[in-house]
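Here it is, the structure, as structure tokens.
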Amino acid sequence: MGFREDLLQAKASDNNSTTALIETYKPLLVHQSTIQGRLDEDLYQSLVVTLLRCIRAFRLDYTGNQNFAIDRLEDTQYNE
């Protein structure tokens, strides 16, 4: 399955696709969670939660464009 298919399936709560996306971004998440050469587990978990929120907030742009867009209405619920 490709990225687009994984993203759409993850949005539909498919655990395998969600896991695949997390594994795809794991090196980046680990890199961004490493402080002074040590992995900060809490920061890593926070970044995973943020990734999951981003997956949930993504929607297709139905104007005929095949680009992805972020649903800002859904995104605001996490900023309360």
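The values are calculated or read from the model by the stated rules, or taken from the named source; none is laboratory data. This structure is a prediction, so every number in the text was calculated from the model and none was measured. Please note: Cβ atoms are built from the backbone with ideal geometry, for glycine as well, and neighbour counts cover all protein chains shown.
Quick one: which residue in 52, 60 is surrounded by 12 or more Cβ atoms within 10 Å (Cβ to Cβ) and at pLDDT 85 or above?
Values: 60 fails: at pLDDT 85 or above.
Unique residue meeting the criteria: 52.
Any idea which of (1) modelled with pLDDT under 95; (2) surrounded by 14 or more Cβ atoms within 10 Å (Cβ to Cβ) is the one residue 79 doesn't satisfy?
So the condition that residue 79 fails would be (2).
So, one more: Specify the residue that is surrounded by the fewest Cβ atoms within 10 Å (Cβ to Cβ); the eligible residues are those in the stretch 13-49 that are part of a strand (DSSP E or B) and of a type in the set (A, V, I, L, M).
Here is the first cut: in the stretch 13-49, the ones part of a strand (DSSP E or B) are 34-35, 38-39.
Next, from what is left, pick out any that are of a type in the set (A, V, I, L, M): 35, 39.
Working: 35: 9, 39: 11.
Among them, the one singled out is 35.
Another question, if that's okay. Against the condition loosely packed, with under 14 Cβ neighbours inside 10 Å, out of contact with any helix residue (DSSP H, G or I) (no Cβ under 8 Å at 6 or more places or on another chain), not in a strand (DSSP E or B) and not small (Gly, Ala, Ser), how does residue 5 come out, does it pass? Talk me through it step by step, then tell me what you get.
Working: loosely packed, with under 14 Cβ neighbours inside 10 Å: yes; out of contact with any helix residue (DSSP H, G or I) (no Cβ under 8 Å at 6 or more places or on another chain): no; not in a strand (DSSP E or B): yes; not small (Gly, Ala, Ser): yes.
Considered against the rule, which asks whether it is loosely packed, with under 14 Cβ neighbours inside 10 Å, out of contact with any helix residue (DSSP H, G or I) (no Cβ under 8 Å at 6 or more places or on another chain), not in a strand (DSSP E or B) and not small (Gly, Ala, Ser), residue 5 comes out as no.
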